[in-house]
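Q: Okay, handing you the structure first.
The values are calculated or read from the model by the stated rules, or taken from the named source; none is laboratory data. Here the structure is a predicted model, which is why all the values come from computation and not from measurement. Ideal geometry is used to build each Cβ from the backbone, glycine not excepted, and the neighbour counts take in all protein chains shown. These area figures cover heavy atoms from the full protein model, side chains too; ligands, DNA and RNA do not enter into them. Shrake-Rupley method; radii C 1.70, N 1.55, O 1.52, S 1.80 Å.
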Amino acid sequence: MEIRILSLPMIICLCFIFLLFSHLSSATTTTTTTTLPTDGLRFNAKSPSLQAEKLIRQLNLFPKDATTEVMDNYYSSAAPKLVEKSFKFPNLIESSSSSGSSVEDLGHHAGYYRIQHSHAARMFYFFFESRNSKKDPVVIWLTGGPGCSSELAVFYENGPFTISDNMSLVWNDYGWDKASNLIYVDQPTGTGFSYSSDKRDLRQNEEGVSNDLHDFLQAFFAKHPQFQNNDFYITGESYAGHYIPAFASRVHKGNKAKEGIHINLKGFAIGNGLTNPAIQYKAYTDYALKMKLIQQSDYKSINQMIPECERTIELCGTNGGEDCITAYSACTAIFNKILDVAGDINYYDIRKQCEGNLCYDFSNMEKFLNQKSVRDALGVGNIDFVSCSPTVYEAMLMDWMKNLEVGIPALVNDGIKLLIYAGEYDLICNWLAGNSNWVHAMEWSGQQDFARAPNVSFVVDGTEAGLLKSHGPLSFLKVHNAGHMVPMDQPKAALEMLTRWTQGRLTEAAAVGTEHHHLLTVL
């Protein structure tokens, strides 16, 4: 079956870093003319890959598919499962604490994992040891897409550094490595510096993705046995709302079955994610109306599209296959219609105006990573860096409308902590009608107690940084003055959130805010 593009916006939520792909449906023999809501461009589109490439280039990124050349014998098929090197980035501006630090002192590592159940796949990763204590928890971050590189988070959100225009690196005062031993992975295969010479290694569902990640963790902790007893947390954003529940379930299943090294899983956190599409898509109009992006008449009109979205998602869950593509088409039409009415808005952060065609410029990352000195430091040779891969995106199309909330109750019922957090000004994966709705609807042993729990102020430096609701292992945090990328928009609050959550004191310095009580419970 050939797939063609019909319209564009929804991938931003799912693509962690706001890469706009298209609205998809089954192909016919005709060519569809598509209107881009961001800049009014019109063009004929037949291939999702070609269209995605055009859009990525508008973000000043350069889409490629990983080359088939192997770097050298250092990462050959005869090498160990996991090959890692310590490194120090060139052009790193030293801080008072890092001045004169050796490579060993920094504890920064880059490596490749030879994916166990693959034909020729290599998964690239960064590992930044904690700036605070090696006893801090191990935290893994997953970027969404599907198919976008975690380097986007390393340099623009919660990594140890930010990139200056002169290509120097500046220490991030609010990097999550100040409270954790931090792992970033480029996955699924074909993303970032990860690659394969065999197309059969492209993953098409969460089972394949989560198995690869679990196998990677086994190799990682075998390489770093000193971290095996540390608490372990899974975090991420956007389409990682799919990855994370599946990955957490896989780790928990492996622990129960005593598969390999026990992974000390304590919790998982999803930021502005897509987890339960049936609930989240039909709730777009609620948020849009509340934020005055549409009028009451628009609300009634657009809501007439919801039954078809619900019907096709149900078929996707039952039948899979082409029914999932149909569901994507039917449901994305709801979001597209809101944009038609709302006009030229930044749907990642409705307070802001877009800078350029697609609102953000991430070109410094690719300029930095394409420097020979950086590639030499990382040991990646001539492997193409794939910021966001259209091929990986296409391979995961039938996963898009699947409900990943279904596996979460078993985890929280077993005491594994879950934090759902969301910036309040994100439309595409909004906090109000999307994430809050599915969290409250989730059936687990503490559902009613969670619903009755009061909202409290999440206070950072004496100022309310968000509204928090918690019961038992489940917490929901609405973050003030943030859009889709909470660690970028509110870096200090995001670091404080991670620190308190992993230390079991998320409600510290909180005051009951009864005036907000119905905000999170009556939706």
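Q: Estimate the FRET efficiency between Gln226 and Asp361 by the formula 1/(1 + (r/R0)^6), using the beta-carbon distance for r and 35 Å for R0, to the nearest 0.05.
A: Efficiency for this residue pair is about 0.30.
Q: Another one. Sum up the charges of everything whose Cβ sits under 15 Å from the Cβ of Gln228, counting Lys and Arg as +1 and Asp and Glu as -1, but leave Gln228 out.
A: Net charge around Gln228: +1.
Q: Run the paramagnetic zone check for Val406: 7 angstrom along Cα to Cβ, then residues of region 209-243 with backbone nitrogen under 16 Å.
A: 242-243
Q: Asn91 versus Gln448, label points 7 Å from Cα toward the beta carbon: distance in nm?
A: 6.0 nm
Q: Next up: Nearest 0.05, what FRET efficiency do Asn481 and Gln353 give at R0 = 22 Å with Cβ-Cβ as r?
A: 0.85
Q: Determine the equivalent ellipsoid of region 204-322 by diagonalising the alpha-carbon gyration tensor, then write out the semi-axes as square roots of 5 times the eigenvalues, largest first, rounded to whole Å.
A: They are 39, 17, 9 Å, listed largest first.
Q: Stretched out fully, how many nm does the piece from Glu104 to Ala441 gain, at 0.36 nm a residue minus the Cα gap?
A: Difference between extended and current length: 116.5 nm.
Q: Let me ask something additional. Given a Förster distance of 25 Å, report the FRET efficiency between Asn166 and Gln503 from their Cβ-Cβ distance, rounded to the nearest 0.05.
A: 0.10
Q: Mind ordering 469-475, 378-384, 416-422 by average Cβ neighbours within 10 Å, highest first?
A: 416-422, 469-475, 378-384
Q: OK, next. I want to check the label-to-label distance for Glu207 and Ala257. Put each point 7 Å from Cα in the C-beta direction and report it in nm to one decimal.
A: Here the modelled spin labels are 1.2 nm apart.
Q: For His214, His252, give the ranking by accessible area with the largest first, probe 1.4 Å.
A: Final ranking, largest accessible area leading: His252, His214.
Q: Then there is this: Quickly rank 448-458, 423-433 as a protection proxy: mean count of other C-beta atoms within 10 Å, highest first.
A: Going from most to least packed, we get 423-433, 448-458.
Q: Give me the distance in nm between label points sitting 7 Å out from Cα along the Cα-to-Cβ direction at Thr318 and Val341, one decimal.
A: Result for the modelled spin labels: 3.0 nm.
Q: A follow-up question, please. Treating only the Cβ of Lys, Arg, Asp and Glu as charged (+1, +1, -1, -1), what charge dipole size does region 447-512 show about its Cα centre? Round to the nearest 20 debye.
A: Using Cβ point charges on Lys, Arg, Asp and Glu, region 447-512 gives about 140 debye.
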